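Enquirer: Mind looking over this structure? Questions follow.
The values are calculated or read from the model by the stated rules, or taken from the named source; none is laboratory data. These numbers were taken from a predicted model, which means no experiment stands behind them. Glycine also receives a Cβ, built like all others from the backbone with ideal geometry; neighbour counts cover every protein chain displayed. The accessibility values were calculated without ligands, DNA or RNA, using every heavy atom of the protein model including side chains. Shrake-Rupley method; radii C 1.70, N 1.55, O 1.52, S 1.80 Å.
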Amino acid sequence: MRIELEKRPDVSKLFGFVSPLLALVLTLTFGAIMFAMLGKDPAAALSAFFVEPLLEVWSLHELAIKAAPLILIAVGLAVCYRSNNWNIGAEGQFTIGAITGSYLPIVFYDWHSPLVLPLMLVLGALGGALFAAVPALLKAHFNTNEILTSLMLVYIAQLFLDWLVRGAWRDPKGFNFPVSRDFAPEAVLPAIWEESGRAHWAFVFAIIAAIGVWFMLRYTLKGFEIVVLGQSERAGRFAGFSAKKMIWFSFLFSGALAGLAGMSEVSGSIGHLQPAISPGYGFTAIIVAFLGRLNPLGIIASGLVLALTYLGGEAAQLSIGISDKVTRVFQGLLLFFVLSCDMLIYYKIRIVWSRVRGGAV
């Protein structure tokens, strides 16, 4: 007996829509089983994770703060993945964007001007794009696997950040702690509604980016080029599209959005550089992109769901006393079920019985 995957002749649009919802239901079901095995009441644990963080206004602001980088990065990754370019290193591009954008408020800390913040955002996006250009160059001209190169660059970016805040950019008045100077008020991304919470303009950037990319994919020639080359490079060549140019475009675009997310995070949420500026937004954004069906509007919803797992994980640690690793388990379960449900949309499982010696089946 052997098990084979047979490609379905037709893909159901209904199942394509239901698939993310089914993945969420399965994640919650297995999450409840996990809480029961940990000796916790499943209903109370799931409520602490997914309901309690939505009951206070300040919690909704925190949800927006955590969703902003996830949506920004995932929108860029959706362009990459739909064009069949696999950027796995958004975490590194996020980090480099934070570093390059922080150059002005750290090195030129005496410069107080309304131009500081816009230049920081531009430098953040530029830094993320240039860092993403490395795997783009290696794939376009040397046919190197972009999954490996983009992933390995993440560790270089994180170690470079660690070296900076422990060395050249360490705050001389910081009592030897590995942090940079605090940003001046002109370098801090302002809050949207300061009276009710600290959610800042990065969330607005994320929504604008999602709507803009949705429009590009749906109504422009560049969007058509992305879809065609992603489905068939050969068909794209017949249409006059260049696969190499698409590699460059998709990586630079996704890197720029990841860099902008990194700059927005340190400017709006943290206020300085430190060794750890991300709980793994760049990797979690991969789940966000696939849960949103690589659709920018769907990514807004999935970004809020994954942001809720971060926020709920922090709340559950205090309310029911569970480990912060449970958040990672939830995100891993969600990715597993999203990919599994997608596989069953495109393939059906077939069991083949082989005839063996002696006539037995």
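Enquirer: Restricting to segment 76-95, what's the tally of residues that are closer than 18 Å to Y155 by Cβ and part of a helix (DSSP H, G or I)?
Expert: 6
Enquirer: Go through the residues of segment 311-326 one by one and say whether even a single one is of a type in the set (K, R) and surrounded by fewer than 16 Cβ atoms within 10 Å (Cβ to Cβ).
Expert: Yes - at least one qualifying residue is present in segment 311-326.
Enquirer: Let me ask something else. Kindly list, by first and then second residue, each pair from a residue in segment 59-85 that is touching a residue at least 40 places away in the same chain (Cβ under 8 Å) to a residue that is open to solvent by 10 Å² or more (accessible area, probe 1.4 Å) and outside any helix (DSSP H, G or I), limited to pairs with Cβ atoms under 6 Å and residues at least 6 apart or on different chains.
Expert: Short answer, once both residue conditions are applied: H61/G197; H61/R198; A78/L294; Y81/L294; R82/L294.
Enquirer: Among the candidates A261, A199, A210, A191, single out the residue that is open to solvent by less than 10 Å² (accessible area, probe 1.4 Å) and at pLDDT below 95.
Expert: A199 is the lone residue from the list that is open to solvent by less than 10 Å² (accessible area, probe 1.4 Å) and at pLDDT below 95.
Enquirer: Could you list, in sequence order, all residues of segment 178-188 that are within 15 Å of I277 (Cα to Cα) and open to solvent by 30 Å² or more (accessible area, probe 1.4 Å)?
Expert: If the condition is that a residue be within 15 Å of I277 (Cα to Cα) and open to solvent by 30 Å² or more (accessible area, probe 1.4 Å), then P178, V179, R181, D182 are the ones that fit.
Enquirer: Another question, if that's okay. Mind checking which residues of segment 1-49 are open to solvent by less than 90 Å² (accessible area, probe 1.4 Å) and part of a strand (DSSP E or B)?
Expert: Once the filter is applied, which keeps residues that are open to solvent by less than 90 Å² (accessible area, probe 1.4 Å) and part of a strand (DSSP E or B), segment 1-49 yields E4, E6.
Enquirer: Separate question: Here is a list: I322, I286, I277, I299. Which entry is on the phi < 0 side of the Ramachandran plot, over 16 Å from the mean Cα position of the chain (by Cα) and hydrophobic (A, V, I, L, M, F, W, C)?
Expert: I322
Enquirer: Can you say whether R181 is among the basic types (K, R) and touching a helix residue (DSSP H, G or I) at 6+ places or on another chain (Cβ under 9 Å), as far as the supplied structure shows?
Expert: Taking the combined requirement at face value, the residue satisfies it.
Enquirer: Now for a different question. Can you find a residue in segment 102-115 that is in contact with an Asp or Glu (Cβ under 9 Å, 6 or more places away or on another chain), among the small types (G, A, S), open to solvent by 10 Å² or more (accessible area, probe 1.4 Å) and part of a helix (DSSP H, G or I)?
Expert: For segment 102-115, residues in contact with an Asp or Glu (Cβ under 9 Å, 6 or more places away or on another chain), among the small types (G, A, S), open to solvent by 10 Å² or more (accessible area, probe 1.4 Å) and part of a helix (DSSP H, G or I): absent.
Enquirer: Now for a different question. Got at least one residue in segment 246-258 being closer than 30 Å to L14 by Cα and open to solvent by less than 20 Å² (accessible area, probe 1.4 Å)?
Expert: Yes; the residues of segment 246-258 include at least one that is closer than 30 Å to L14 by Cα and open to solvent by less than 20 Å² (accessible area, probe 1.4 Å).
Enquirer: Would you be able to say whether some residue in segment 245-254 is farther than 27 Å from M120 by Cβ and touching a helix residue (DSSP H, G or I) at 6+ places or on another chain (Cβ under 8 Å)?
Expert: Within segment 245-254, one or more residues are farther than 27 Å from M120 by Cβ and touching a helix residue (DSSP H, G or I) at 6+ places or on another chain (Cβ under 8 Å).
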